[in-house]
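Below you'll find the structure, written out as structure tokens, and then a few comments.
We did not get these values from a lab; they are worked out from the coordinates using the rules stated. All values derive from a computational prediction rather than experimental measurement. Cβ sites come from the backbone with ideal geometry, for glycine too, and all protein chains shown count toward neighbours.
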Amino acid sequence: MAEHRLTVNDMSMNKLGLALFLGAALLAPATAAESTVAATNAFFAFCMDTHDARKRNLEQQAQMLKELGYDGVGHLWLDNIPERLKTLDAAGLRLFQITIRVDITPGKQPYDPRLKEVMPLLKGRRVQFVLLMHGLKPSDPAGDPGAVEILREMAALARPAGARILLYPHTADWLERIEDAIRIADKVDRPNVGVMFNLCHYLRVSKDRDYKPLLVKAMPRLWAVSINGADEFDDQPGWARYIQPLGRGSFDMAAFLKTLRQLGYTGPIGLQCYGIPGDARDHLAESMKAWRSTRAALSK
């Protein structure tokens, strides 16, 4: 190697070049087929353990998700949080979300008091708490003032840990529609309170399939989206047609993901697995294959 003396400017330029190179390497897609969606949206699974025929423990779940290529997991309720974190850390995966219930009924305990104990464990992990909010009839604005007070309290509790509070629209709950979530989040007006768009619940409660205006309205606070295979319409009760492995059903998932990309959504995307029977590994593998195929098609 030829010897030469570096000036301060030369050294600065070399450091800048190295930084740019490393940055490009980190941002570059894994393969030529990776799309913008793939490069910017983490992909995790949730509710994959509720109906798993194999009844895997948390360590086995983490190993399975790692092997299949998922980025992490969503966790139900506040039980076993330390173990969940330990098993995910060991597998190099991330805890994206924790789902909890919130009761806005006046005079009732609004949320699990263990939330205060859990928060220090999550410091710096960027965990999202997704809230199922009930206590009044769906979409009743009479619940807004009480809900705002509760959510501001929870937002303050989450702030030191760097955690976020997400309003999760859920069929038949008080917070049932994405419109409700946007309305309440705007009233709460806290920097760590946002919303999540849930495809299966949107399909169940919406009278049409024009989701783009809702996504546009949600974008300033849209910090998570859930997807799954689904049929366009289902008049029957239950979730068999509105929650399927990714790649099944008549709903145009490629168009939905393309819309998210066009709107500039870069947050995590969760795979809804609730109620899917059989060995979870089978449907998770099927969904991952469909995810990779869809994002490759979007890159063309």
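Of all the residues in segment 176-193, those that are assigned to a loop (DSSP other than H, G, I, E, B) and either among the acidic types (D, E) or surrounded by 24 or more Cβ atoms within 10 Å (Cβ to Cβ) (or both) number 2. Among residues that are more than 21 Å from D186 (Cβ to Cβ) and either touching a strand residue (DSSP E or B) at 6+ places or on another chain (Cβ under 7 Å) or aliphatic (A, V, I, L, M) (or both), V102 is not included.
Looking at this structure, is D112 within 22 Å of the chain's Cα centre (by Cα) and free of Cβ contacts under 8 Å to residues at least 12 places away in the same chain? Judged against the criteria, D112 is not a match.
Filtering segment 47-67 to residues that are exposed (fewer than 15 other Cβ atoms within 10 Å of the Cβ) and either touching a residue at least 12 places away in the same chain (Cβ under 8 Å) or in a helix (DSSP H, G or I) (or both) leaves T50, A53, R54, E67.
Just one of the listed residues (T105, T99) is of a type in the set (S, T, Y), touching a residue at least 60 places away in the same chain (Cβ under 8 Å) and more than 24 Å from E286 (Cα to Cα), namely T99.
Within segment 100-139, the set of residues being in contact with a Gly (Cβ under 7 Å, 6 or more places away or on another chain), surrounded by 13 or more Cβ atoms within 10 Å (Cβ to Cβ) and among the charged types (D, E, K, R) comprises D103, R126. If you scan segment 86-130, which residues turn out to be closer than 21 Å to P160 by Cα and β-branched (V, I, T)? Across segment 86-130, the qualifying residues are I98, T99, I100, V102, V118, V127, V130. The residue pairs whose first member lies in segment 163-175 and is in a strand (DSSP E or B), whose second member is of a type in the set (S, T, N, Q), and whose beta carbons are closer than 9 Å, counting only pairs six or more residues apart or on different chains, are R164/Q128; R164/N192; I165/Q128; I165/N192; L166/Q97; L166/Q128. Candidates are the residues of segment 258-282 that are closer than 15 Å to K55 by Cβ and more than 16 Å from the chain's Cα centre (by Cα); the one that is surrounded by the most Cβ atoms within 10 Å (Cβ to Cβ) is A280.
Every residue in segment 68-78 that is of a type outside the set (A, V, I, L, M, F, W, C) and touching a residue at least 60 places away in the same chain (Cβ under 8 Å), please. Residues satisfying the conditions are G69, Y70, D71, G74. Residues in segment 211-260 that are part of a helix (DSSP H, G or I) and without any contact (Cβ under 8 Å) to a residue 40 or more places away in the chain: P213, L214, K217, P220, R221, A255.
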